[in-house]
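The next block holds one structure in the form of structure tokens; read it before the comments.
Readers should treat all values here as calculations from the given coordinates under stated rules, not as data from a laboratory. Because the structure is predicted, anything quoted here is derived from the model rather than measured. Cβ atoms come from the backbone with ideal geometry, glycine included; neighbour counts cover every protein chain shown.
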């Protein structure tokens, strides 16, 4: 796809890559612990100068997620969170964040909203990009076509076992960055860190897109490990855990800010 | 009806999974399409169906039941007579041979009522495969006898505590585990749902039901039946019976869904009768969902029907009018369970009782000259404990 520099996600990721800066992408579950707090967390995250904020759309059957994000999504749904409410939230933040805002959700949430209507709403409500973990490039025609027309980014995922052909088709349909899943598995922390040098090298031989690695990144040392070869890291479960621990406390947002600062330190 | 290259029956089916599973699904697809052309594979499949599962099963004239209703002539396809007590064994033998062909030493599966879990555990024992079965914590309680049977067969049963703790959550958990262990593990999906090639592959291993029934009815009656009736959860026993009659346009097909307590949301598992199309567990098909696309809780007295989706081929049959889908509630199913036991001396599974109940409830709508085959997909022994 052509590079649309007017898109904030594309611009943030590309500027970083061109200036040899690493990108930080933070995932939070929309509506966890509640929508008001989500808004405060987003503004807090933006103050730490992260490059992209991914808002997870909670879904009843999140097959790509580990227990931490599953639970957050479950509780957000219990509170009545839905895509409409999250889009209303991002609308209220439109133009107020330096970070690009990306929605990450399972395909059925978007399908049920109506794909072209969803893309239009994203555009009108301050969304820069969309990530759908259960949508592979060959099934994505409708979404990518509408998104491209609207100037909205789509980011596809590749995995350590993806073939070259599959990486190529994911890259061709992605704008902003390519989401490189670090391990075969679901989201959440691992004890053992995978070696990703050969994998990332393979992906780089196919595409010039900025490469962000996600799944299983929980601390500064782990982020540093992946950033030796990748352009960015995506951190989710660790943030959600921190939110859970500080839920209801006055310093919740500050503690998330401190965590992100410690994750970014020196990188 | 063959799905297209991307696994679509009309507009239903496809592949909606995390990227990590794609290489495994592509490999499975290639291996499956080569296996079904391989004489050795087919011979082995037929051998185990015959010698291990006890096929062919009878097409039994339910004389007393027919007389009792004083309506259409009714035959029962006796899948309850197979080893392990339900049609699930057909698919498990086929997929165990696939796992072996692909060099996988470990299989995983999800189960609701435990029938697919038991059939999986059985083939795992027979073929020396390591086996983990995911089962909702709620279902483990409802079907403790089957949990015991699986353990006895050497399978590790993993209770699933996420979400609603039933079949759909067991499927979620099995898929998560598969993503994490895809290099060494074969995923033995129990029904004609999931991403391509599962719907077409499971149908292939279940179509023996309809092939036998077609042969048997022609031999016994010298004609094709007017109706085929089978219960539909995910829909594997129904597709197994229906598919070999697909081109016999005069044979009408009725899929009986679980109407549960009522047709209100969360009170039934009638995905086609009460649902709308969407994406769950790898394919685009009819689902029970709310207006935001969240999957609804389901209910049925029959744990094996308690699932919010349905195989994509059924969605296609529904839209194209090739089959009809009708709900039957818990109480009617329980009455049929009781009635067939007392009258015919056959205890049907609560799942299959839905198909029996449809005929009891609608007997007046059939002509006396009508010939009906009901798929008795499983035996009801497993349900006795719960209904005591």
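For chain B, the convex hull spanned by the alpha carbon atoms encloses 123 Å³ per residue.
Sorted from longest to shortest, the spans of the Cα atoms of the stretch A:95-215 along the three principal axes equal 40, 29, 27 Å.
Beta bridges from DSSP with both residues in the protein assembly as shown: antiparallel share about 20 percent, rounded to the nearest 5. Entry note, chain B: the mean residue ellipticity at 222 nm calculated from DSSP H runs of n ≥ 4, each adding -39500 (n - 2.57), is -13000 deg cm²/dmol after division by the residues and rounding to the nearest 500. Using only alpha carbons, chain A has a radius of gyration to Kirkwood radius ratio (Rg to Rh) of 0.92. Beyond 13 Å, how much of the Cα-Cα pair distribution for the stretch A:176-243 remains, as a whole percent? Looking at the stretch A:176-243, the distances longer than 13 Å represent 60 percent of pairs.
So what's the gap between the Cα centers of the stretch B:293-332 and the stretch B:80-126, to the nearest angstrom? First find each Cα centre; the distance between them is then 23 Å. Extension gain for residue B:130-residue B:38 works out to 30.6 nm (0.36 nm per residue, less the C-alpha to C-alpha distance). Its Cα gyration tensor gives the stretch A:45-101 an equivalent ellipsoid. The semi-axes, each the square root of 5 times an eigenvalue, are 23, 15, 8 Å from largest down. Over chain A, calculate the relative contact order: mean separation of alpha carbon pairs under 8 Å at least 6 apart, over the residue count, as a percent. Dividing the mean separation by the residue count of chain A yields 22 percent. State log₁₀ I(q)/I(0) for the stretch A:1-107 at q = 0.09, 0.12, 0.17, 0.22 Å⁻¹ as given by the Debye formula over alpha-carbon point scatterers of equal weight, solvent excluded. Once normalised to I(0) and log-transformed, intensities are -0.24, -0.43, -0.81, -1.17. Please check which bits of the stretch B:75-101 a label hung off residue B:52 would reach, taking the label as a point 7 Å along Cα-to-C-beta and the cut-off as backbone N under 18 Å. Label zone hits: B:81-101. On a per residue basis, the convex hull of the C-alpha atoms belonging to the stretch B:1-141 measures out at 189 Å³. Based on every Cα atom in the stretch A:204-246, Rg and the maximum pairwise Cα distance Dmax equal 12.5, 43 Å. Other protein chain C-beta atoms within 10 Å of residue C-beta, averaged over A:104-114: 5. Enclosing the Cα atoms of the stretch B:311-386 in their convex hull gives a volume equal to 118 cubic angstrom per residue.
Model label points for residue B:365 and residue B:161, set 7 angstrom from Cα along the Cα-to-Cβ axis, are 4.5 nm apart. A Förster radius of 30 Å, combined with the Cβ-Cβ distance separating residue B:223 from residue B:320, puts the computed FRET efficiency at roughly 0.75.
Where both bridge residues fall in chain B, DSSP classifies roughly 30% of the beta bridges as antiparallel. Spin-label model, residue A:172/residue A:251: points 7 Å from Cα along the beta carbon direction are separated by 5.3 nm. Diffusion coefficient of the protein assembly as shown by Stokes-Einstein, Kirkwood radius over Cα pairs, 10 °C, 1.306 mPa s: 62 µm²/s. Averaged over the residues of peptide B:170-180, the number of Cβ atoms from other protein chains lying within 10 Å of each residue's Cβ is 4. Here the stretch B:60-189 is treated as a sphere whose radius is the Kirkwood value from Cα pairs; by Stokes-Einstein at 37 °C and 0.692 mPa s it diffuses with a coefficient of 211 µm²/s.
When the alpha carbon coordinates of the stretch A:143-267 are projected onto the principal axes, the ranges are 47, 36, 26 Å, largest first.
Our compactness index for the stretch B:119-222, the C-alpha radius of gyration over the empirical 2.2 N^0.38 Å, is 1.29.
Annotation for residue B:152 and residue B:247: the two label points, set 7 Å from Cα along the Cα-Cβ direction, are 4.4 nm apart. Residue by residue along B:8-20, Cβ atoms of other protein chains within 10 Å of the local Cβ number 5 on average. Taking the Cβ-Cβ separation of residue A:88 and residue A:5 as r and a Förster radius of 30 Å, what is the calculated FRET efficiency to the nearest 0.05? E between residue A:88 and residue A:5, to the nearest 0.05, is 0.60.
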